[in-house]
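The values are calculated or read from the model by the stated rules, or taken from the named source; none is laboratory data. Because the structure is predicted, anything quoted here is derived from the model rather than measured. We place every Cβ from the backbone using ideal geometry, glycine too, and count neighbours over all the protein chains shown. Surface accessibility is based on the protein's heavy atoms, side chains included, excluding ligands, DNA and RNA. Shrake-Rupley method; radii C 1.70, N 1.55, O 1.52, S 1.80 Å.
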Amino acid sequence: MITRGLLDQLLKSGQDLLQKQSGKGVAGKSDSGGGLGSLLSGAGGGALAAGAMGLLLGNKKARKYGGKALTYGGLAALGVLAYKAYGNWQAQQGKAPLGEPRTLDRVPEAQLEQHSQAILKALVAAAKADGHVDERERALIEGEFVKLSSDQELQHWLHAELNKPLDPADVARAASTPEMAAEMYIASVMLVDEEHFMERAYLDELAKQLKLDPALKAELEKQVRQ
């Protein structure tokens, strides 16, 4: 199962999606067909990825914080955000770095897939954090992922992730290193609406389960918003 190509497409599609939807809002999960249909009708891989990302984003004021983060584009950029947050956090603690953080942009090829799968798991879970992904919406999201990848194992995995109950502890178990935990948290912050109490509560519980230091958690959120 190869997730990094799909995840990279999704992250890179954010910039184009948000430019097209600027001032109009992102087509929402509760859309009856018009706006959502227009998101999904574009041709080409980039348009398909934008459609999938649009479904994950949902109708949350274009995810005002996420909109900024998505303009960085791609997996490497997400790693850069996590790396900068780590550096700032270590400086705040007045501690000498324990070693260079092994974030997405700095890990060997062999470790990139593990990071990518963990981040995609976090993105799918974050899309469910408002408690309003119903059966129809799950089917739409799965349909977009099928268009982006013919990997049957990946499709089965995504189906399972979309259909399982939201569980921050289950999401956090995918993080085998502190850097992966930071990347998963950044991806989650990108997607949620922090002004929505259910989504804010999900983020706080996810940070707890990821065992993020409160100061690092704040720095990760700051990097997304800047």
- Item | Residue pairs meeting the criteria (Cβ under 9 Å; at least 6 apart or on separate chains; first touching a residue at least 40 places away in the same chain (Cβ under 8 Å) and under 15 Å from Gly51 (Cβ atoms), in region 122-143; second open to solvent by 10 Å² or more (accessible area, probe 1.4 Å) and not in a helix (DSSP H, G or I)) | Ala127/Lys29; Ala127/Val133; Glu137/Lys29; Glu137/Ser30; Leu140/Lys29; Ile141/Val133
- Residue list for region 106-134, filter: of a type outside the set (S, T, N, Q), farther than 18 Å from Pro168 by Cα and modelled with pLDDT of 85 or more: Arg106, Val107, Pro108, Leu112, Glu113
- Message: Tell me yes or no: at least one residue of region 154-168 is at pLDDT below 90 and among the aromatic types (Phe, Trp, Tyr).
- Response: no
